[in-house]
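Data block below; observations after.
The values are calculated or read from the model by the stated rules, or taken from the named source; none is laboratory data. This structure is a prediction, so every number in the text was calculated from the model and none was measured. Virtual Cβ from ideal backbone geometry, glycine too; neighbours counted across all protein chains shown. Note: accessible area is taken over every heavy atom of the protein model, side chains too, but ligands, DNA and RNA are not part of it. Shrake-Rupley method; radii C 1.70, N 1.55, O 1.52, S 1.80 Å.
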Amino acid sequence: MIETEPTEASAVFGENLERARRFTAALGEHGEERGLIGPLEPARLWSRHILNSAVAAPLFASGARVGDVGSGAGLPGIVLAIARPDVQWVLIEPMERRVTWLQEQKDALGLDNVEIVRARGEEWTEGAVLDAVTARAVSALKTLIPLTAPLVRVGGELVLFKGANAANEIDAAAKQIRKYGLDDIRVEVVGDGVIAEPTRVVRATRTR
């Protein structure tokens, strides 16, 4: 059973809701069999994954080029591309079957603002050119920073989805924060008052 669409979905996606519905239906129907999500996830797909990803959409600047490292099933990359068609999204994913899924969804949904790169974050070849990089459910911050910060230009930003332990992860990543020239690092809660379970992100600016 795929979770019934919450009433908050309309407020979060606005005129882009129909694409969000189509993506959620496809992921709910095929995600488990294709190894994209676990067996318990269809029943909480909207609340735990789709809306959790989408409420971060306002954090990205119009016209920016943003990377999603370890895009997997398209959480958050495809969801953010639906919510923010004015932003260019680069979905970076090493696994072939997941890349195939991402390409299928890009084509099916007509997401002209999506580019898909089959690679690990550390295999990125363009250098520090992205305006921002995001990631969700990839790894602890001290491991994630070396995979994401080198892709971001000076003055660009990391916007990393995290759980309730985010502040402790920042403390544990002090060495990596210094090494990669990150400043103004903080935990922000987005979607408070909009969705039942707001989303935590760690934000930081690359200064060198």
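Within the range 42-63, does at least one residue satisfy the condition of being open to solvent by 10 Å² or more (accessible area, probe 1.4 Å) and within 14 Å of residue 114 (Cα to Cα)? Yes; the residues of the range 42-63 include at least one that is open to solvent by 10 Å² or more (accessible area, probe 1.4 Å) and within 14 Å of residue 114 (Cα to Cα). Restricting the range 86-103 to residues that are more than 22 Å from residue 132 (Cα to Cα) and free of Cβ contacts under 8 Å to residues at least 24 places away in the same chain, the residue that is most open to solvent (accessible area, probe 1.4 Å) is 96.
Each residue in the range 179-208 was checked for being part of a loop (DSSP other than H, G, I, E, B), farther than 12 Å from residue 161 by Cβ and open to solvent by 20 Å² or more (accessible area, probe 1.4 Å), and 7 of them qualify. Counting only residues that are closer than 16 Å to residue 78 by Cα and open to solvent by 30 Å² or more (accessible area, probe 1.4 Å), the range 104-137 holds 12 of them.
Of the residues making up the range 93-136, those that are assigned to a loop (DSSP other than H, G, I, E, B) and under 26 Å from residue 29 (Cβ atoms) are 93, 94, 95, 110, 111, 112, 113, 118, 136.
Open to solvent by less than 60 Å² (accessible area, probe 1.4 Å) and more than 21 Å from residue 86 (Cα to Cα): does that describe residue 6? The answer is yes for residue 6. Yes or no: the range 18-32 includes at least one residue that is under 17 Å from the mean Cα position of the chain (by Cα) and within 29 Å of residue 150 (Cα to Cα). So far as the range 18-32 goes, no, none of its residues is under 17 Å from the mean Cα position of the chain (by Cα) and within 29 Å of residue 150 (Cα to Cα).
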